Amino acid sequence: MAVERPHAALELPEGSWWDWDVLAWGRDQFRLAADFDLSYHHALELVFTAPLLVRCPAAFQDPVFRAPTPEELLRVTQQLGGRPPVLVVFEADAGGWEPASCLVAAERLDIVQETVLRYWREDAAPDQRFAPWVQLPGQ
């Protein structure tokens, strides 16, 4: 599902999205994964295509998404030389004394819901996929 309102507060699908981490971070894509507990799998991904600016810890919990303030939007617009198509802003618990302020500007955002296993399972269902680091035993 692509996000249509790029500068509004992000609305996540129904679910328990407490535990988060960065699944991929590259020039073409920034991908966040979430679930109640990331030990064995995740069921939600925020896929930012062509990230322009990212301020985010590698792992965090309980994010609160909100619309960017006018000051944040102005600062990002000045840094990038124009308004980004997508700007997602949130505060999250990253283990410090204060919540971490996070921001992702990108060309596009897709919200993907599917079970992604973080360990090898021979009996994985056809609608499940494996995280990029999961390999067949012995490989």
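The values are calculated or read from the model by the stated rules, or taken from the named source; none is laboratory data. What you are looking at is a predicted structure, and each value in this text was computed from that prediction instead of being measured. Note: ideal-geometry Cβ built from the backbone for every residue, glycine included; neighbour counts use all protein chains shown. We work out accessible area using only protein heavy atoms, side chains counted, and drop any ligands, DNA or RNA first. Shrake-Rupley method; radii C 1.70, N 1.55, O 1.52, S 1.80 Å.
Quick notes on this one:
- Candidates Glu14, Glu72 - the one that is of a type outside the set (A, V, I, L, M, F, W, C) and not in a loop (DSSP other than H, G, I, E, B): Glu72
- Residue list for region 90-112, restricted to those being crowded, with 18+ Cβ neighbours inside 10 Å and assigned to a strand (DSSP E or B): Phe90, Ala92, Cys102, Val104, Ala105, Ala106, Leu109
- Within region 129-139, tally of residues that are open to solvent by less than 90 Å² (accessible area, probe 1.4 Å), outside any strand (DSSP E or B), without any contact (Cβ under 8 Å) to a residue 40 or more places away in the chain and within 16 Å of Ser39 (Cβ to Cβ): 1
- Gln78 being touching a residue at least 12 places away in the same chain (Cβ under 8 Å) and polar (S, T, N, Q): no
- Residues satisfying the stated conditions in region 18-38, i.e. aliphatic (A, V, I, L, M) and either more than 14 Å from Ala92 (Cα to Cα) or open to solvent by less than 30 Å² (accessible area, probe 1.4 Å) (or both): Leu23, Ala24, Leu32, Ala33, Ala34, Leu38
- Looking across region 39-58, just one residue is part of a strand (DSSP E or B) and loosely packed, with under 14 Cβ neighbours inside 10 Å, and that is Arg55.
- Look at (1) in a loop (DSSP other than H, G, I, E, B); (2) more than 15 Å from Ala33 (Cβ to Cβ); (3) not small (Gly, Ala, Ser) and you find that Tyr119 fails only one, number (2).
- The listed residue being within 30 Å of Ala125 (Cα to Cα), in contact with a Phe, Trp or Tyr (Cβ under 6 Å, 6 or more places away or on another chain) and modelled with pLDDT of 95 or more, out of Phe90, Phe48: Phe48
- Matching residues, region 67-89, being β-branched (Val, Ile, Thr) and either more than 18 Å from Ala9 (Cβ to Cβ) or open to solvent by 30 Å² or more (accessible area, probe 1.4 Å) (or both): Thr69, Thr77
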